[in-house]
């Protein structure tokens, strides 16, 4: 579970998917992040861990690979343009299963020369991942569409897209 001190994190009908909204900037506040991937649709936020600042904004994601205490601040948000985000909570067993399936279908590329041991990083968001997140969040508009886990929903969506393309 991702714990937000301001209670702006909202669980959704899709297990392990939450949305986040913040209408004003604020200074650094202590928070605890559990494993998750955060996708910002609007606004900007920073997280500080051991003196290193990671920023996440539209077009980037923040990956948190282990539970950790951090300092967070909303840098860009207003009532007319609030910070909006989707958070996918990560389960280690499911992550391992997904990674193993991915490696079987397409071996991973070579490993990087350096590894950041902190377990948290910001990275550019690929168009394919952005498309998948947008489709997932749109499922919230139709409660009848929301059945099963995130993996099941995305797998079902992928099958539908493939069959519609033929």
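The values are calculated or read from the model by the stated rules, or taken from the named source; none is laboratory data. Every value quoted in this text rests on a predicted model; they were computed, and no experiment measured them. Heads up, the Cβs are rebuilt from the backbone with ideal geometry, glycines too, and the neighbour counts pull from every protein chain shown.
Descriptive notes on the structure:
- Residue among 64, 70 that alone is farther than 15 Å from residue 39 by Cβ, surrounded by 15 or more Cβ atoms within 10 Å (Cβ to Cβ), in contact with a strand residue (DSSP E or B) (Cβ under 8 Å, 6 or more places away or on another chain) and modelled with pLDDT of 65 or more: 70
- Restricting 57, 11 to those that are without any contact (Cβ under 8 Å) to a residue 24 or more places away in the chain, in contact with a strand residue (DSSP E or B) (Cβ under 8 Å, 6 or more places away or on another chain) and under 17 Å from residue 125 (Cα atoms) reduces the list to 57.
- Criterion: more than 27 Å from residue 117 (Cβ to Cβ) and in a strand (DSSP E or B) - qualifying residue of 63, 41, 13, 24: 41
- Residue list for segment 30-58, filter: surrounded by fewer than 16 Cβ atoms within 10 Å (Cβ to Cβ), under 27 Å from residue 93 (Cα atoms) and under 14 Å from the mean Cα position of the chain (by Cα): 34
- Taking residues in segment 116-134 that are at positive phi, and partners anywhere that are in a loop (DSSP other than H, G, I, E, B) and surrounded by 14 or more Cβ atoms within 10 Å (Cβ to Cβ), the pairs with Cβ atoms closer than 6 Å and at least 6 places apart or on different chains are 119/65.
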